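Encoded as structure tokens, the structure appears first; notes follow it.
What follows draws every value from the coordinates through simple rules; no lab data is involved. Note that this is a predicted model, so its numbers are computed, not measured. In this analysis, Cβ positions are derived from the backbone assuming ideal geometry, glycine residues included, and neighbour counts consider all displayed protein chains.
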């Protein structure tokens, strides 16, 4: 069934999971605003003590540490295959940066930061594929490659992983394929790393994916399949095609634990960066983190890792486009992947292509059910306005989805109930010592002409808010 047909069916039946839309709106009043494409903020009332909630998931710190060790083993390969990683000794990591000028400019708008310092985590500038997907996506392909090489006897104990860049390894991997369904950035990371290792890479992309991302993949030798529908269809078609060939490995963004663990490594790296600043999240200085969300794998892995390391004094929020708030609907109703944005009449069309997902990950929703502090939505216009401000006041050029989380801090005071709850937990002095960390998910690979068009559009929108 096409997306248009799904929307028509939802409109005709006027029901979701056997309940009338009016009933849903009565039970969850925010749905009325969601259906009107308004920005909303949902605070999770199902939180449990962090240690208890983590124990329920069965995921351990040792698993995340093991993922980090695997990435370290592959550092020699990165330095051989991607010369830009040599300056960091093969470490795939991004900086954190204070954005004081941007924060000051926000004071002129309704979205000022109410307390503390605003910072960015610049996954927009991660090596190889320039987005948060450079962690989880690349990690899962490496895990698969390592397993194949060990089973074939190519990789022996003590061998340098620089060998993965050698012709004999590439020849071996050329008999295998790696496939993924994507709206853009995950496809870039999977396609680039798979091709570099020698795999036949196949990326199934939704209509939301930017043309330049498809072109770049093809330039790297990746086979790109396009679908005139949304992310869910691209994933399903990719999965079906992969099942036909036993030598094809499908990276499942909706359900993959390996992908999730690769993303979670970011928490270990961030801890080191915060330690360097002399900062530890605590009752005297909490940490608030805002993560752009598509299907949920990337932000879910990062949030889980942060909760694992910092416990009760890190607060994580997902940010989604008003046209694609799938995790917001899934978690708020506790129906997870049983509901989609299309069920409620939303079109799932947004300039933030990496976040254009209609149905959330059940795996992530359940893992974070008692851990995620909340979810909020943001309009395309808001993201573009912030994108232009970031370019003009910080000389940082990002893609729209990377700005989804930047308005998160303002909600902590705009939502009166949340602000009162924070004041019961922290002193005003502690809140003033807090850090707000917005995760910039992508941007460094955006073509100049596309970037300039988005920035100019954003400048016009920003001027309207003054």
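Miscellaneous remarks
- Gained length - residue 421 relative to residue 282, 0.36 nm times residue gap less alpha-carbon distance: 48.4 nm
- Only helices enter this figure: runs of n ≥ 4 DSSP H residues, each worth -39500 (n - 2.57), summed and divided by the residues of the chain, yield -14500 deg cm²/dmol at 222 nm to the nearest 500.
- Extension gain, residue 174 to residue 219, is 14.4 nm, computed as 0.36 nm per intervening residue step minus the present C-alpha separation.
- Report note on the peptides 372-382, 451-461, 401-411: ranked by the mean count of other C-beta atoms within 10 Å, highest first, their order is 401-411, 372-382, 451-461.
- Of all beta bridges that DSSP places with both ends in the chain, some 20 percent have antiparallel geometry.
- Region 391-457, Rg to Rh (Cα coordinates; Rh as Kirkwood inverse mean 1/r): 1.14
- Measuring nothing but alpha carbons in the chain and taking Rh as the Kirkwood radius, the Rg to Rh ratio lands at 0.95.
- Under the Debye formula (equal points on every Cα, no solvent term), log10 I(q)/I(0) of region 29-160 at q = 0.12, 0.14, 0.18, 0.20 Å⁻¹: -0.81, -0.97, -1.14, -1.19
- Share, in percent, of DSSP beta bridges within region 243-375 that are antiparallel, nearest 5: 10
- Set the Cα radius of gyration of region 353-466 against 2.2 N^0.38 Å, with N its number of residues, and you get 1.24.
- C-alpha center-to-center spacing [region 170-235, region 254-273] in angstrom: 22
- Cα pair distances exceeding 16 angstrom across region 278-320, given as percent: 35
- Alpha carbon convex hull of region 113-173, projected area averaged over orientations, nm²: 6.3
- Annotation: extensible slack from residue 338 through residue 72 equals 91.9 nm (criterion: 0.36 nm per residue apart, minus Cα-Cα distance).
- Oblate is the label for region 269-392, because the ratio a/c of its alpha-carbon gyration tensor axes (a ≥ b ≥ c) is 1.5 or higher and a/b is not greater than b/c.
- Projected label distance in nm at residue 15 and residue 150, using a 7 Å step from Cα toward the beta-carbon: 5.1
- Prolate/oblate/rounded call for region 259-298, Cα gyration tensor, a/c under 1.5 rounded: oblate
- For region 134-257, the mean projected area of the C-alpha convex hull, equal to one quarter of the hull surface, is 7.4 nm².
- Comparing Cα centroids, region 312-327 and region 101-131 end up 16 angstrom apart.
- Among 292-304, 357-369, 419-431, the peptide with the highest mean count of other Cβ atoms within 10 Å heads the list, and the full ranking is 292-304, 357-369, 419-431.
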